[in-house]
Amino acid sequence: FWRADEGGGTRSAGGRTAGLRFLAGGCGAMYEVHIESEEFREKRPVQQHQMVNQALSEEIKSMHGLRIFTSTPKP
């Protein structure tokens, strides 16, 4: 992952694609993350989100809110 102050946007690496967007809402640091990864295959959405939360555990501490969207690559 990358920090929001690096400009956000979309990045790909190691078979994963991730997009980060800052959502200005006047209530603090609200973010939206879209992640596509083969690692999500055969996992339920709650398990996918737990993986993302674990990977971003330090970054989440400074966020007001986070919307998570996960998917697997199309064959």
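Taking the condition surrounded by 13 or more Cβ atoms within 10 Å (Cβ to Cβ), of a type in the set (S, T, N, Q), out of contact with any helix residue (DSSP H, G or I) (no Cβ under 6 Å at 6 or more places or on another chain) and at pLDDT 85 or above, does Q50 pass?
Taking the combined requirement at face value, the residue satisfies it.
Tally the residues that are of a type outside the set (A, V, I, L, M, F, W, C) and either closer than 17 Å to R21 by Cβ or at pLDDT 95 or above (or both), restricting the search to the range 53-64.
3
Report yes if S71 is of a type in the set (G, A, S), at negative phi and at pLDDT below 85, otherwise no.
Criteria not met by S71.
What are the residue pairs meeting all of these: first residue in the range 55-75, first residue over 13 Å from A29 (Cβ atoms), second residue aliphatic (A, V, I, L, M), Cβ atoms under 6 Å, and 6 or more apart or on different chains?
I68/V33; I68/V52; T70/I35
The values are calculated or read from the model by the stated rules, or taken from the named source; none is laboratory data. No experiment lies behind these values; they were computed from the predicted model shown. Cβ sites come from the backbone with ideal geometry, for glycine too, and all protein chains shown count toward neighbours.
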